[in-house]
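Data first, discussion second: the structure below is written as structure tokens.
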Amino acid sequence: MNAILTARDLEKAFGSLVAARDINVVVPPLQTVGIIGANGAGKTTFVNMITGHLRPSKGSIHFEDRDITGLPSRMITRLGITLSFQVAQIFPSLTVFDNMCAATAIARAGGGLLATALTPLHAPDTLAEAEAALELFRIAQYRNLLAATLPQGVRKLLDIAMAVAGSPRLLLLDEPTSGISIEEKFGLMDVVMSALKARRITVLFVEHDMDIVERYADRVLAFYDGAVIADGDPVETLENPRIQELISGPKLKTEAARRA
Amino acid sequence: MIPRSLSIGALAFIVVAIAGPFFPAWLISLATVAFANALVVLGLIILWRSGLVPFGQALYYAIGAYTVALIGRYSGVHDIFFMVVVAALLAALTAYLTGLLLARYREIFFAMLSLAMSMILYGILVKTETLGSTDGFHVEAPRWLGYAPAAGWMRRAILFWTVLAFDGAAALLVSLYFRSIAGSLAAAMRDNEIRLEFLGISVNRLIHLNLVIAGTLAGIGGALAAFAVEHVDPDMSYWTTSGGFVFVTVLAGSGSVAAAFAGSFVFELLKSIAYDLLPGTWQMFLGAALLLTILFLPEGLGSLLLRHRRTLKAIRAAGR
Amino acid sequence: MCWPFTVLTALAILTDGLVYAAYLFLVAVGLTLIFGVMKILNVTHGSFYAFGAYGAAIAVGIYFDRGYPAAGGFLLMVLVACAIGLVLGLVLERGLLRLVYGKDEVVVVLVTYAAFLILEDVIQLIWGTNSYALYQPLDLAGTIDAGPLVLSGYDIGLVVFAALLAAAGSFALKHTTWGRLLTVVIFDRELAASFGINVSLVYTVTFVLGAMLGALGGAAMAPKISVTLGIGVEVIVLAFAVVAIGGMGSVGGAFIGALIVGMCRAAAVHLVPQVELFVIYAVMALVLVFRPQGLFTRAQPRKI
């Protein structure tokens, strides 16, 4: 099976500061990859290079078989890679339902400016798809609330739902559970992961919470000082003393994690 | 909600169209100008929703007006439809070109740059002898596909209906636009440009589109106003003209398409009454009205209606 | 001695440009100060100018008619302007502006526009539609023969006054406590407040100062123009242009902006009269396109 994402000898330097180097990663389709590392270790740089917001200084990135190195982010979105933000990027003055409609309608219209001007927002197909997306992410009960009034967890779910409105094949999640209370983290991730699996989307997520990583990732990439220092099974990687020393700290299961 | 407001609008349209020409001459003339200017306000509402307040729509208004005046004067063509279409195209082209620059700016810089552009045209018009410089020049009466109505009631009525026809078409098209993805994302654009970009929309290009639409509307408005007033002069490009349009937009609010027409009419009426009753203080009156609206009704008079509607909706929703 | 035409023209452009620049600076400096500190594009500035012009024309006119000494007349112009600026500035800032602080920039501009409209009619109510001429200061200052040109003493005085004001302003901003406070608030109002600076007081003082400067501009120009309805309307866009070019909030920028616009206009008047008005706004548009924050403002630090 062809890899969905291949990064070869990827490097990014800002002047003399090398933010990421020698990154070689091959991701098979439908694998869930957890990316860990301290702040400044290169995780965000790596993610930004995939989404097209940073141009790699060296190396290449292939999405399925296509070379996407250095392509503009809007094009990469259209090709099937999207990003969901650490701080949920939603439209506060629209209702949840309209947020979802907007994302769905735009994805269906295909991106041409004239297409967006000529397509009605509340076309029946759009309405149905948006409704289905809200159901999938278990936030349909909030549909008439203004997005600005949502609790943090629901905002995140909406943000992710909007990110996958166009049925991308690869989704990058930037700290999906940051800002969420410990009790709710697992609930949130359960919904997200099952929704993404139902949509057959490959996921790469950046996380600082090791319990989340251990439970939901098929594979872990550990970043340190701009390079990948570990790449493999979550349990093994997180038991690795070097990883514990540099990144994750000793394993202490939280009450919630023990319960989950 | 959708069919109801459209049907009310259509009804109002028909009533005005039928009853209009039977009102006194001064009222018809006033209404004609008001409804021509309403097109400019409609364009402003589109931009206002995206969070932009241009202070230079007079540029396209003047281009529309001078275009029809010049065609009538120098080319021997007097067909109103031909002239208005040419005016619209020229205004659209200008809006496209100026939009290439304007779309990259926001807020105050946007307002100032659009102001500068309208003043550039003003400067050119004032100093150009062949265009009549500060006095401007007279606009001859147009013809409708060869038919030249007699001066007086007939011509007034036909011009009135023509302006209404353009208004109706614009209202319909803009309503459809507001229901399209591009049109309904105005609020979203103000909220969160990042998310729109990430969904694949270029916000700058969307703003550019809105600028072209607004500019075209303003051009058509200017062209029709030129026929209504039978005169063009450089003041049509002056900043106070732009200010007047912004004024009406604030008063009317950006809540609905109908607000542009009702608001423009009310404004012209108030201005006329104030001019008669309080000569020398009508600006004060308008200024005070603007102030009160901004302070107490920030979404304009149209919001009074919307608030009512929202309250009803909330009551219904709570009852479910 | 016979002067070649081109040299004469060049000299004329230079002198006219300087005089016009002085006028523009006086008119624009108050506006840029208010924008820099309060981030408000104050359309009412046109009213300050107009009131200053009317006030000077009338009060100083009466003064000279009574035959009082000349020097006092010039002093009176300044005093009248300051008084007008003080009253108008206080009334507007305390009475109106504080109702809209914190609201959208454009809303505030519209509020000042509304106030401007109201004040335009107040002028008409007070002084009617007559035009007033204040000729005495011009006559008293006489003329000076400088080579081939005859310069008006008043114009020279205007240039000197503007230059002194610019110098004093720059000095004050950099070297006095109050000036430094203003500079901090211009740079970052939140930061200033967190340092314990009474931003509200700074706002009031700045607005009043700006009003006084605007009125001063009007008073200074009164002898050169026919003081009548509508002078505020014209001046406001010119002031906007100068401030946009020089950078909003920069006194030095207003000076350079005024020089640029003054010289361009003088050149246009002498060489290509048709573009006289066009050139000012064309320069403004150009600067806005390539450097929207103006030539002399540090680009605002990006805030997250």
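What follows is calculated from the coordinates using simple rules that are stated; it is not laboratory data. Keep in mind that this is a model prediction, so the values were computed, not measured. Note that each Cβ is placed from the backbone with ideal geometry, even for glycine, and that neighbours are counted across all protein chains shown.
Shielding value for A:115-125 is 5, the average number of Cβ atoms from other chains within 10 Å of each residue's Cβ. Under the combined filter of DSSP loop state and at most 16 neighbouring Cβ atoms within 10 Å, the stretch B:1-105 retains these trypsin sites (Lys or Arg not before Pro): B:104.
Each peptide among B:109-115, C:243-249, B:93-99 gets the average number of other Cβ atoms lying within 10 Å of its residues, and from highest to lowest they stand as C:243-249, B:109-115, B:93-99.
Could you pull out the trypsin sites (Lys or Arg not before Pro) across the stretch A:156-260 that fall in loop regions by DSSP (anything but H, G, I, E, B) with no more than 13 other Cβ atoms inside 10 Å?
Hits after loop and neighbour filter: A:200, A:251, A:253.
R0 = 60 Å: FRET efficiency of residue C:8 with residue A:75, Cβ-based, nearest 0.05?
Efficiency computed from Cβ-Cβ geometry: 0.45.
In the protein assembly as shown, Rg over Rh equals 1.03, where Rg is the alpha-carbon radius of gyration and Rh the Kirkwood radius from pairwise Cα distances. Database remark: amide H of residue C:143 closer than 5 angstrom to the amide H of C:153 (H placed geometrically; neighbours at sequence offset of 5 or more, or on other chains; Pro and chain starts carry no H). Here the simple spin-label model places points 7 Å from the Cα toward Cβ, and for residue A:167 and residue C:145 these points are separated by 9.3 nm. Database remark: amide H of residue A:5 closer than 5 angstrom to the amide H of A:27, A:64 (H placed geometrically; neighbours at sequence offset of 5 or more, or on other chains; Pro and chain starts carry no H).
Considering only Cα atoms, the convex hull volume of chain A works out to 131 Å³ per residue.
When only alpha carbons of the stretch B:2-319 are considered, Rg and Dmax amount to 19.5, 68 Å. The charge dipole of the protein assembly as shown, taken about the Cα centre with unit charges on the Cβ atoms of Lys, Arg (+1) and Asp, Glu (-1), comes to about 1280 debye, rounded to the nearest 20. Relative contact order, whole percent, for the stretch B:59-205 stands at 23, derived from Cα pairs under 8 Å and 6 or more residues apart.
A straight line joining the Cα centroids of the stretch B:165-194 and the stretch B:247-261 runs 14 Å. Whats the longest run of chain C with zero chymotrypsin sites (Phe, Trp or Tyr not before Pro) that are DSSP loop and have at most 16 other Cβ atoms within 10 Å? Longest gap between qualifying sites, sites excluded: C:196-304. Computed on chain B, with alpha-carbon pairs under 8 angstrom and 6+ residues apart, the relative contact order is 34 percent.
Jot down the per residue volume, in cubic angstrom and as a whole number, of the convex hull over the alpha-carbon atoms of the stretch A:18-102.
139 Å³
Note on B:282-290: average number of Cβ atoms from other chains within 10 Å of each residue's Cβ is 6. Peptide B:175-186 shows a mean partner chain C-beta count of 6 within 10 Å per residue C-beta. Working from label points 7 Å from Cα in the Cα-to-Cβ sense, the residue A:60 to residue B:161 distance is 7.0 nm.
Extension gain for residue A:227 to residue A:182 (0.36 nm times residue separation, less C-alpha to C-alpha distance): 13.2 nm.
Which residues make up the longest stretch of chain B that has no GluC sites (Glu not before Pro) in a DSSP loop with at most 16 other Cβ atoms within 10 Å? Here the longest run is B:1-139.
Checking the cross-link pairs B:127/B:271; C:39/C:174; A:43/A:156; B:271/C:103; A:58/A:197; A:12/A:185 against a 22 Å limit on the alpha carbon distance flags B:127/B:271; B:271/C:103; A:58/A:197; A:12/A:185 as lying beyond it. Our summary gives chain A a relative contact order of 25 percent, counting only alpha carbon pairs under 8 angstrom and 6 or more residues apart. Rounded to 0.05, the FRET efficiency of the residue A:26 and residue A:145 pair, given R0 = 51 Å and the Cβ-Cβ distance, is 0.75. Note on the protein assembly as shown: helix-only mean residue ellipticity at 222 nm, from DSSP H runs of 4+ residues weighted -39500 (n - 2.57) and normalised by residue number, equals -21000 deg cm²/dmol. Between the C-alpha center of the stretch C:171-228 and that of the stretch A:171-229 there is a gap of 53 Å.
Each listed q (0.08, 0.14 Å⁻¹) maps to a log10 I(q)/I(0) for the stretch C:5-290 from the Debye sum over equal C-alpha point scatterers, namely -0.33, -1.03. Distance between the modelled labels on residue A:17 and residue C:194, one decimal in nanometres: 2.1 nm (7 Å Cα→Cβ projection). The calculated FRET efficiency for the pair residue C:291 and residue B:154, based on their C-beta separation and a Förster distance of 60 Å, comes to about 0.60. Summarising the amide proton neighbourhood of residue A:219: residues at separation of 5 or more, or on other chains, whose placed amide H is nearer than 5 Å comprise A:32, A:34. Name the shape class, rounded, prolate or oblate, that the alpha-carbon gyration tensor gives for the stretch C:1-89, where a ≥ b ≥ c are the square roots of its eigenvalues, rounded holds for a/c under 1.5, and otherwise prolate holds if a/b is larger than b/c and oblate otherwise. In terms of gyration-tensor shape, oblate.
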